[in-house]
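Notes follow once the structure below has been shown.
Bear in mind that the values in this text are calculations on the coordinates, not laboratory data. Remember, predicted model here, so these are calculated numbers, not experimental data. Glycine gets a Cβ as well: all are built from the backbone with ideal geometry, and neighbour counts include every protein chain shown.
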Amino acid sequence: MLPLIPLALYLVAGTLVCRSARRQPGARPWAGAVVAAAAVLAHALILFRSIEGGGGLHLAITDSASLVGWVVGATSLVTMLEMPLAALPAALLALAGVLAAGTGVLSGFAEIHAPQWEITAHIALAALAAGWLSIAALVVLLIAWQDSRLRARQSLGILSLLPPIELMERVLFRALGAGFVVLTFVLVTGLFFVQNVFAQHLIHKMTLAIIAWVVFGVLLWGRVRYGWRGRRALRFTIAGFVILALAYFGSKFVLENVLGRHWG
């Protein structure tokens, strides 16, 4: 039941952010930020309790998703204090809460039997990249939803609490750019930290991650060179995110839950 605590806090924080966006557009949602900070802290404590034990890290697939959710929650907390994003942080906090709810649901193999800073850093960077690219995927879906309602001349409803599409696109490519840079570090460090991708059952994971990296790289190049946006940004972002999710979560699920093996 412990994972329900950060879920509840994230949802309360998101509600407060929405109320602030409705009453004072452009104002910092201080009450929501305080509750969000409590949610991020509770999430971190419960996640650490779940993955740490026996001299190593035990990262089940649900804990891996929760770690990505923590990155989303912490990032949304920072961004809501950095710049006025109306109700956008509420959507990010809801995503973080959903991912936090899975903490400890499944048991996992020991990722690190004798703690090594290199592998620990590699896992942390991977979670950071996945978290920021998850934010990009959620933001691009919200942009597409906004755009479709505007094109159909329909009422935006709750979407009216979101920032203008131009600001949403700035957030999108900021998250994409940061996630792409960190993903580059993940792939480069993986070449040094992983000794044998075939013996460690990592060839499929690494291949898919490289494909996702290429997709995100092409999108960012197209944005800088040709000003890509709209539907093209939607297609590339979702395609890259799905491939990246398959690279980590898909391969991890098949290895551990279907084949009963482990990447190490």
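So if R0 is 25 Å, what FRET efficiency would Leu150 and Leu81 give, r being the distance between their Cβ atoms, rounded to the nearest 0.05?
Here the calculated transfer efficiency is 0.30.
As an exercise, use a Förster radius of 45 Å and the Cβ-Cβ distance of Ala239 and Thr120 to find the FRET efficiency, rounded to the nearest 0.05.
Step by step, r from the Cβ atoms, then E = 0.90.
Show the residues, 5+ positions off or on another chain, whose built amide H is closer than 5 Å to the amide H of Leu57.
For Leu57, the qualifying residues are Glu111, Ile112.
Just want the answer: with Cβ charges of +1 for Lys and Arg and -1 for Asp and Glu, which residue in Ile123, Ile210, Ala42 is farthest toward the dipole's positive end in the chain?
Ile210
For the stretch 157-186, list residues with backbone N below 18 Å from a point placed 7 Å from the Cα of Arg232 toward its Cβ?
166, 169-170, 172-174, 176-177, by backbone N distance to the label point.
Kindly provide the helix-only [θ] at 222 nm of the chain, computed as the sum of -39,500 (n - 2.57) over DSSP H runs of four or more divided by all residues, to the nearest 500 deg cm²/dmol? Write out the running numbers ahead of the final one.
Values: 8 runs with 181 residues, N = 264.
Calculated from helices alone, the mean residue ellipticity at 222 nm is -24000 deg cm²/dmol.
Across 10 Å bins from 0, what is the distribution of all Cα-Cα pair distances for the chain, in whole percents?
Histogramming the chain at 10 Å steps yields 7, 29, 34, 22, 7, 1 percent.
Can you sort Thr237, Thr120 by how many other beta carbons sit within 10 Å, fewest first?
Thr120, Thr237
As I understand it, the dipole of the stretch 4-188 uses +1 on the Cβ of Lys and Arg and -1 on the Cβ of Asp and Glu, about the Cα centre. Which of Leu187, Ala96, Trp30 lies farthest toward its positive end?
Of the candidates, Trp30 comes out farthest on the positive side.
If you put +1 on each Lys and Arg Cβ and -1 on each Asp and Glu Cβ, how big is the dipole of the chain around its Cα centre, in Debye rounded to 20? Numbers along the way, then the final one.
Numbers: 19 positive and 9 negative charges, 227 e Å.
That gives a dipole near 1100 debye.
Quick one: length gained pulling Glu52 to His204 fully straight, 0.36 nm per residue minus the C-alpha distance?
On the way: separation 152, 0.36 × 152 = 54.72 nm, distance 2.70 nm.
That pair, Glu52 and His204, stretches by 52.0 nm at full extension.
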